[in-house]
1. If you scan the range 1-35, which residues turn out to be on the phi < 0 side of the Ramachandran plot, touching a helix residue (DSSP H, G or I) at 6+ places or on another chain (Cβ under 7 Å) and surrounded by 10 or more Cβ atoms within 10 Å (Cβ to Cβ)?
2. Just the residues that are part of a helix (DSSP H, G or I), touching a residue at least 12 places away in the same chain (Cβ under 8 Å) and under 17 Å from residue 1 (Cβ atoms), please, taken from the range 17-47.
């Protein structure tokens with residue numbers, strides 16, 4: 001599991017991921033995509 005793109009309270013992101021008022025920091029999405037791609041490639045290499 002990976003927690004991604006909800007931002008920090010200090011930056012004005014006051015609500016958790018499943019709250020209706022959540023705001024996402026889209027600048028983090030490319031990092032998450034890279035993590036998921038890396039995990040998938042590693043799994044494919046080993047299976």
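Taken together, the values in this text are just the output of simple stated rules run on the coordinates, not laboratory data. In this text the structure is predicted, and so the values were computed from the model without any measurement. FYI the Cβ positions are ideal-geometry reconstructions off the backbone, even for glycines, and counts take in every protein chain you see.
1. Matches in the range 1-35: 4 only.
2. 28, 29, 31, 32, 35, 36
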